[in-house]
Amino acid sequence: MSLIDYGSYEKAIWGDYKVDRAKDFFLVNNSWGLPLLLALQLAFVAYFGPKWMKNRKPFDLRPLMIVLNGLHFGTYGCGILILGYGINLGRDSWACKSKPSEEFRDDVMIRIAYALFCMRLLELFTPIIMVLRCKKGQSPVANSLYNALYILIIYHCMNRYYKDVVYLYPYTDAMKITLRSAYYSLTSPGPDFRRYIWPKNYITGFCLAICVLNVYHLTHMISNNCDGPKIIMYAFLLLSSAEIVFHLTKLFSSKAKISKNEQFGDEVDSKLD
């Protein structure tokens, strides 16, 4: 049962896009469970967590980080293979016309979408860990908002539209997360592993290039009036644009930090993001 009746607003935003295949999936089959979970997580990250940690010593969560990074590496690595199969290594996402519905293919795609949904739910722990570690230079609230928007997009894809054209962003995102989680798995044990930090800027550059590709793809879809709800395309475009700003900021701040450390003869800081 829906908590909110969208009425005419639903028709104006989504048109006739609506599917029923996701009605049996946990947290996708109602309209209140997911928003409540995201609201509670954001409340902890933005207010209750920092307030609770104000007079406490930061937690050493490196063992947990190693486990989570390894889990991300494994799940998103498998996600690259599964998504690659589902969208023909990304080629189907460039076609403006979606493939005709087939029972087996539609069932595979909705399950892929739900797997993505569950993996993004796992990402809810990331900003919580940021708050508990009290590391400077991190943005747990921004991370939480980004992840919440991503989760809501996948939620609506499962309830509205989960064809090939909307899967390029999640496909390339799986590549980025797999690469980053491999890097963090190497560096999270501590200072003794600082020799592995050299690929960091190359990984950031790769992620930036992927974001530019996604912006071009989404602009192509919108300008050519491709199949699918435009609101989902604009939402993914917003995520890609925000990522570009984030990665550019990281690149410039990293170069400034290295320049400053070289100037004073200090060791380059290797704090995790």
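Quick look at the numbers
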read-out	value
Near pairs, Cβ below 6 angstrom, 6+ apart or cross-chain, from segment 94-112 (farther than 16 Å from Arg160 by Cα and touching a residue at least 24 places away in the same chain (Cβ under 8 Å)) to any residue that is part of a helix (DSSP H, G or I) and charged (D, E, K, R)	none
Number of the condition not met by Pro191 [criteria: (1) crowded, with 19+ Cβ neighbours inside 10 Å; (2) farther than 30 Å from Asp24 by Cβ; (3) at pLDDT below 90]	(1)
Unique residue being surrounded by 13 or more Cβ atoms within 10 Å (Cβ to Cβ) and over 15 Å from Met130 (Cβ atoms) when the list is Leu68, Leu34	Leu34
Index of the failed condition, Phe252 passing every other in (1) closer than 16 Å to Gly90 by Cβ; (2) surrounded by fewer than 17 Cβ atoms within 10 Å (Cβ to Cβ); (3) among the aromatic types (Phe, Trp, Tyr)	(1)
Some residue of segment 2-20 being surrounded by 15 or more Cβ atoms within 10 Å (Cβ to Cβ) and at pLDDT 70 or above	no
Test for Asp173: is it assigned to a helix (DSSP H, G or I), among the acidic types (Asp, Glu) and more than 19 Å from the chain's Cα centre (by Cα)	no
Single condition Leu81 does not satisfy, out of (1) modelled with pLDDT of 85 or more; (2) under 17 Å from Ile129 (Cβ atoms); (3) not polar (S, T, N, Q)	(2)
Residue selected from segment 246-258 under the condition small (Gly, Ala, Ser) and modelled with pLDDT of 60 or more, by the criterion nearest to Val141 (Cα to Cα)	Ser253
Condition broken by Glu243, with the remaining ones in (1) in a helix (DSSP H, G or I); (2) surrounded by 14 or more Cβ atoms within 10 Å (Cβ to Cβ); (3) modelled with pLDDT under 70; (4) acidic (Asp, Glu) satisfied	(3)
Where a residue in segment 34-61 is at pLDDT 90 or above and its partner, wherever it lies, is part of a helix (DSSP H, G or I) and of a type in the set (Ser, Thr, Tyr), with Cβ under 8 Å and at least six apart	Gln41/Ser144; Leu42/Ser144; Val45/Ser144; Ala46/Ser144
Unmet requirement for Pro63, which otherwise passes all of (1) on the phi < 0 side of the Ramachandran plot; (2) buried (at least 16 other Cβ atoms within 10 Å of the Cβ)	(2)
Matching residues in segment 211-228 - criterion: being touching a Lys or Arg at 6+ places or on another chain (Cβ under 8 Å) and crowded, with 18+ Cβ neighbours inside 10 Å	Cys226, Gly228
Qualifying residue in segment 93-100 (condition: surrounded by fewer than 15 Cβ atoms within 10 Å (Cβ to Cβ), over 22 Å from Ile153 (Cβ atoms) and at pLDDT below 85)	yes
Residue list for segment 62-87, filter: among the hydroxyl-bearing types (Ser, Thr, Tyr) and free of Cβ contacts under 8 Å to residues at least 24 places away in the same chain	Tyr85
Set Arg56, Arg91, Arg62: member being among the basic types (Lys, Arg) and closer than 22 Å to Ile232 by Cα	Arg91
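Residue by residue, here is whether (1) among the polar types (S, T, N, Q); (2) farther than 30 Å from Ser223 by Cβ; (3) at pLDDT 85 or above holds:
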| site | (1), (2), (3) |
| --- | --- |
| Leu68 | no, yes, yes |
| Asn88 | yes, no, no |
| Glu103 | no, yes, no |
| Cys118 | no, yes, yes |
| Leu124 | no, yes, yes |
| Val131 | no, yes, yes |
| Lys136 | no, yes, no |
| Leu145 | no, no, yes |
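The values are calculated or read from the model by the stated rules, or taken from the named source; none is laboratory data. Here the structure is a predicted model, which means the values were calculated and not measured. Every residue, glycine among them, receives a Cβ derived from its backbone with ideal geometry; neighbour counts consider all protein chains shown.
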